[in-house]
Amino acid sequence: MVKKTPDELYPILKRFAEKKGITLNPDEEFAKSLIEGFLKKDEMEGYRACPCRLTVGDKEWDRDIICPCDYMMDDVAEFGACFCSLYVSNEYADNVRDGDNIHVSIPERRPIEKLFYPEDE
């Protein structure tokens, strides 16, 4: 399988987001750095987990945080952005384009029991 680059994935993920009624963070440099992050996780772990979350190396355990994570749409609906701010609402994107320096802390929705692998406890 040919590996894609952040530049190649950006428009693909943007189309995916738009089908969901949202968009990618319009700060392309920032968005592409996040895409690079989940591509590095893919190299290390074998799956494209959220670049802003710790993974345990077990795809089944981490399935809920494979990008786009299970929490993405709820985060965007409530806060305007997902946990890592790759996926954002259209309003959030408009504010970024208008030059607003938006920094929103998104609370972790992942259940506490999923934050640590059972062997680590």
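Here are the numbers:
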{"item": "Subset of the stretch 24-71 (residues that are of a type in the set (S, T, N, Q), closer than 15 Å to residue 108 by Cα and not in a loop (DSSP other than H, G, I, E, B))", "result": "none"}
{"item": "The stretch 64-121, residues that are touching a Lys or Arg at 6+ places or on another chain (Cβ under 8 Å) and among the aliphatic types (A, V, I, L, M)", "result": "65, 66, 73"}
{"item": "Residue pairs meeting the criteria (Cβ under 6 Å; at least 6 apart or on separate chains; first closer than 29 Å to residue 26 by Cα, in the stretch 103-118; second surrounded by 11 or more Cβ atoms within 10 Å (Cβ to Cβ) and not polar (S, T, N, Q))", "result": "104/79; 104/81; 106/75; 106/79; 106/83; 109/71"}
{"item": "Test: residue in the stretch 87-95 that is surrounded by 18 or more Cβ atoms within 10 Å (Cβ to Cβ), closer than 27 Å to residue 114 by Cα, modelled with pLDDT of 95 or more and of a type in the set (Phe, Trp, Tyr)", "result": "yes"}
{"item": "Scope the stretch 39-96; condition hydroxyl-bearing (Ser, Thr, Tyr) and on the phi > 0 side of the Ramachandran plot; matching residues", "result": "85"}
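Per-residue answers, yes or no, for (1) modelled with pLDDT of 95 or more; (2) under 15 Å from residue 86 (Cβ atoms); (3) touching a helix residue (DSSP H, G or I) at 6+ places or on another chain (Cβ under 6 Å); (4) crowded, with 18+ Cβ neighbours inside 10 Å:
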| site | (1), (2), (3), (4) |
| --- | --- |
| 35 | yes, yes, yes, yes |
| 51 | no, yes, yes, yes |
| 54 | no, no, no, no |
| 63 | yes, no, no, no |
| 66 | yes, yes, no, yes |
| 69 | yes, yes, no, yes |
| 72 | yes, yes, no, yes |
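The values are calculated or read from the model by the stated rules, or taken from the named source; none is laboratory data. Computed from a predicted model, the values in this text were never measured in an experiment. Virtual Cβ from ideal backbone geometry, glycine too; neighbours counted across all protein chains shown.
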